Amino acid sequence: MADMVHTAHSPALVHQFETKEQQHDAGSLGMWVFLATEIMFFGGVFMSYIVYRALHLEAFIQGSHFLDVTFGATNTAVLICSSLTMALAINAAQTGKSKSTIITFLGLTMLLGAAFLFIKFAFEWTHDWTEGLVPGLHFTYSGPHAPGVELFFCFYFFMTGLHALHMVIGLGILATLTVMAYRGRFNSDYYAPLEVSGLYWHFVDIVWIFLFPLLYLIGGRYGGGH
Amino acid sequence: MISAEIARIFLDGGGRSLASALAPIPIRPPAASTIAEGVDKLHFTLTGITLFFTVIIFSTIFFFMIKYRRQSEDEVPPEIEKNVPLEILWTGIPTLICVVLFFWSASLYIQNARPPDASTEIFVVGKQWMWHLQHPEGVREINELHVPVGVPIKLTMTSEDVIHDFYVPAFRVKKDVLPGRYSSLWFQATKTGTYHIFCGQYCGAEHAQMIGWVYVMEPSDYAAWLSGGASHESMAQAGERLFTQLGCVTCHVTDNTGRGPSLVGLYGKAEKLRSGETRLVDEALIRQAIVFPNSVILPNYPPVMPTFQGQINEEQVLQLIAYVKSLGMQERTGK
Amino acid sequence: MSTAVADVHEVPVGSHVNYLNASYGIKSWLFTTDHKRIALLYLASITFMFFIGGTAAVLMRIHLIEPQGALVQPETYNKLFSIHGIVMVFFFLVPSIPATLGNFLVPMMIGARDLAFPKLNLLSWYVYIVGAIFTLYAIISGGVDTGWTFYTPFSSLYSQTHVIATALGVFITGFSSILTGLNFIVTIHKMRAPGMTWFRLPLFIWAMYATSVIFILGTPVVAIAMFLVGLERLLHVGIFDPAVGGDPLLFQHLFWFYSHPAVYIMILPAMGVISELVTCFAKKRIFGYSIVAFSSMAIAVISFLVWGHHMFVTGQSVYAGLIFSVLSFLVAIPSAIKVFNWTSTLYKGSISYEAPMLYALGFIGLFTMGGLTGLFLASLATDVHLSGTYFIVAHFHYIMVGGAVMGYLGGIHFWWPKITGRLYPDAWARFAALVVFVGFNLTFFPQFMLGYLGMPRRYAVYPEEFQVLNVMSSAGASILGVGYLIPLIYLIWSMRYGPAAGPNPWGARGLEWETPSPPPTENFEEIPVVTEEAYNYTGARQTLG
Amino acid sequence: MSEHIVPVKNYVAVFLSLLFLTGLTTKVAFIDLGQTAIGKTHVIDWNTVAALVIAVVKMLLVVLFFMHVKYSPGLTRLVIAAGFFWLAIMIALTLSDELARGWTGTPQPWSLLLPIFHPYL
């Protein structure tokens, strides 16, 4: 009786699970629990930001006026498109589309992710560097609320840096998925890695959805604040 | 080599300490402030509760261990699942005890947190590994604090570097001393004598040396001690000298004709700032105005005040505050 | 790793194929995905770290024999208590029971072949080792003097020691406990044997589940706190620097948000072990099973609401102080309920006194004292006097050493026959338990008195009048040190020479005792079906499955 | 329980609404929605409230549709809820200290039973 159970294992089922469905559920539950840790990981930084924003509101509004809203908005749109293409990639695998459709959607997602990083690094960060707004390394701003603005940019670089790091990890995961898709590992019966990585990617998108208003739009951008 | 060293210490240290072990082991710190009795009463009640429950648990366990020790291997104990009323009982009683303890300790804490209004104020600056204490009359002390008995004393404290903690076990008072902020504690000594001052928050290499003494004296001796020292200019006078020396007087003209607001009668009032917030003008706000001037601007004044951060140390900031306070007492003129 | 693991692989008595002799060689250990072998890897590494922390403690106690300090310079003493704190908390106590007994037993107790993500489990051990290497590098090359609390602005601006390396070590090791917690939560949810409903789970599993919830939701926040301190030192950027408008108390909030639940990470697994020991050696079902299970979960949740009592005297607002004081009183209730339930489990039982039971009874007594002294620190008025003194040191050592380490030793002695297939000499084990109990009380009870007298903690030199109590404490520490060495000797001895232990030497209930000891690599030939409640010592023993 | 297959047109609908909301939040930021002060010290800034509400709506869209939480078992929702609840605990209790630190008005002992008033409200 014992070995009959073993032979029923399809190749994709690892030995400690009894059924494929159990393995699939465990995989997605594992990712969701990991996302809960990520919520608390980013949560620690968001809380510090909220506390300092409450303590130095004037300086933070002054600081956020240095950021270019159009770049922020385009980045948000880029990430939302990448979420769409990621969802479509999973949908393609679920409905048993051809390997090439999966790969094209994954490629599109990676392209959009790279575009986001390009806009972030090439335009925004270098722009901030030339303006001397990088605390610790090159901070030459000495206008009103200088210390508060430096604190704001500490948080700006730290939060967007942490988010960018998660984007880079996401791109790495997407690359491995593309290789697996190229080897034809995914079909309508087995697509768990795709789905789990999709959860991670959408989470990174959500983090940016909150980062954009908190960093770029505090207190409104009409005129010089109050 | 190291083991020989340790052995020597053990034998030598042990020998001397055995002699001192015969001396009575200290049980209770001196209680020399108005709140010490109240805190000690709460402390002994808590000790009583702890000993009561510990004795109950230990004796029940020992009783069960002896009475129900395993007689034979195949002994089958009865099936006792649960007993809900008992569970409710030993959830309710601890909760009740906790509620009573909370209200008792919270009301004690709130009474101790608020200094009586007529208390004399002494300024304390914690610096890495020493305490600077300044009396309003101008006397300065290091690691020593002379106070009259029976007079409520309020300590306004700040730190020049890391977090320290002003702790006088005999008065049962302790408060962290934070850089960039004023924290205050108060006590009213009831017994004359000398009591320890400790630094209660780890602050670096000489943390253990950052200690001192509080000398509680009769009011007459205190007055003699106060005047006995060299004739000092009071903190307010030192503040005034600094006020002119740093050029503050050019903007903050008393009859309100300068670029900055007149500081007469300003202390203790609630002022609406340019950022829309209303803040009470206290030591913290004055210090913030000196160090971060742009965040404390009155509505109809230009934000042109330069920051003095780094140019003056914490003692000088305290002197300026003492001066502004002395201005606060006079009636507001002009405007 | 240390020799303790290497010489285990020769064939123990009972030569059926088991997880120890399934394969040999260093590669079979360093690349294993078997949860039982990873548990042994963890056992070896945390024992090694325990003795590093222990040496620092012994040196401190020797130094404190004399008021002017008997052994080292103040700077070195600061490094000693920092190393003792960091190594003991982050590298021994937090992973102790979850990573060793938890890894070994969680799959076996719920009737699974392995954890949900075996490769992730091995990764968590490697992450722990990398973190340990960073911290050991920091210790060897000069140590760190910020204490295990890393309070800013001292840690970020003024300390001249290896703070970044240690903060990085703690940051990395945090992820090891996150991965372990994640593995346990998914395994307990998704891989229970048929018939193993939530209320048939052994209470050790409930404790592991509650601990994993704290792992998952608390550890990332301390990772961020350590990252911020490291960043501030690296870039001289003023997130916590008051000169730039930063707030040093914000670091304390971030730090204590994890570090108070962390003390429940240390005690909850020990509570789970005690529930197993008390029921087995009293041969009786636990008194109030669901109440004890829910109190574990209640502790896991409420422990996140109380961290402010570490900051009553730091100038925290009076209102926040009141809120945290109420919640800190509340968190004591579930622990009290557990103690009452364990004690009433002994009622009308048939109690035998092997070594694990001695550790369990010692745990209940000492944990009661530790928990009740916590009330002194939850109540605002007395905390003002006692905060920062040796009363705090005594309180948390009663919980961590009297509680968590006693529970850990009890668990190791209870499951040792299952892990190694061999019995240890019981007489020596009972003697060691008594020595540990006596040495512990002599070390830490005087510190309660020192705390009330007002002796601050972390002092390299202290006033004369405290010397007597300090000498008593140092004497106790030497006895405690010896007490901890004895089990190391006879347990290693028993690996080679101990008599063979049958599948169930204590007559205990639970799926892990249904397997031969040491168990085969896949735990069960086929997954058992559970038909009865946990701890069914009294009912007729139905054959399983 | 194979994963519920979401028709592609749902994805596109969610995608478009997300883009619309992004545009909305950017546009709204350039309009001054004004502030209302509660008491003398705290000010509610409607622009920030609007930005956060829109961000939460966008998050819900992504979570429910792109991440299939709408069709997943209760356990997944429990994990998400736990994550955000713990985050809320951390933020609320820390702010209860950071913001209330300035309130120098310490209540009298008898007032402990009354709701703790703030002298300037």
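Throughout, read-outs are computed from the coordinates displayed, never taken from laboratory work. From a predicted model like this one, the values you see are computed outputs, not experimental measurements. Here the Cβ is made from the backbone with ideal geometry for all residues, glycine too, and neighbour counts use every protein chain on show.
Worth a mention:
- Angle between chain B longest axis and helix B:314-329 axis [Cα atoms, degrees, rounded to 10]: 70
- The Cα center of segment B:68-83 and the Cα center of segment C:387-431 differ in position by 26 Å.
- Euclidean distance between Cα centres, segment B:117-187 to segment C:100-114, Å: 57
- Exposure proxy ranking for A:MET110, A:MET180, D:MET59, based on other Cβ atoms within 10 angstrom of each Cβ and starting from the fewest, stands as A:MET180, D:MET59, A:MET110.
- Take each residue in B:54-67, count the other chain C-beta atoms within 10 Å of its C-beta, and the mean is 5.
- Across peptide A:151-164, the average count of Cβ atoms from other chains found within 10 Å of a residue's Cβ is 2.
- Prolate/oblate/rounded label for the protein assembly as shown (Cα gyration tensor, a/c 1.5): oblate
- Label point 7 Å beyond Cα of C:TYR158 along Cβ direction - residues of segment B:287-321 with amide nitrogen under 14 Å: B:314
- MRE, 222 nm, helices only [DSSP H, n ≥ 4, -39500 (n - 2.57), over the protein assembly as shown, to nearest 500]: -19500 deg cm²/dmol
- Normalised by the number of residues in chain C, the mean separation of alpha-carbon contacts (under 8 Å, six or more apart) gives a relative contact order of 18 percent.
- Within segment C:436-511, chymotrypsin sites (Phe, Trp or Tyr not before Pro) in DSSP loop having at most 11 other beta-carbon neighbours inside 10 Å: none
- Among B:146-152, A:41-47, the order from most to least packed when residues are scored by Cβ within 10 Å on average: A:41-47, B:146-152
- Value of relative contact order over chain A, rounded to a whole percent, pairs C-alpha under 8 Å and six or more apart: 31
- For segment A:40-74 and segment B:263-299, distance of Cα centres in Å: 25
- For C:419-428, mean number of other protein chain Cβ atoms within 10 Å: 0
- Anisotropy class of segment B:248-321 from Cα gyration tensor, a/c 1.5 cut: rounded
- Both radii are taken from the alpha-carbon atoms of segment A:22-216; with Rh as the Kirkwood radius, Rg/Rh is 1.05.
- Prolate/oblate/rounded label for segment B:199-260 (Cα gyration tensor, a/c 1.5): oblate
- Beta bridges by DSSP in the protein assembly as shown, antiparallel share as percent, to the nearest 5: 70
- Order by protection proxy (mean Cβ within 10 Å, highest first), peptides B:129-141, C:346-358: C:346-358, B:129-141
- Exceedance of the 22 Å cut-off in Cα-Cα distance is limited, within the set C:LYS27/C:LYS190; B:LYS82/C:LYS283; B:LYS174/C:LYS79; B:LYS175/B:LYS269; C:LYS119/C:LYS418, to C:LYS27/C:LYS190; B:LYS174/C:LYS79; B:LYS175/B:LYS269; C:LYS119/C:LYS418.
- DSSP-loop chymotrypsin sites (Phe, Trp or Tyr not before Pro) across segment C:31-61, with at most 16 other Cβ within 10 angstrom: C:PHE31
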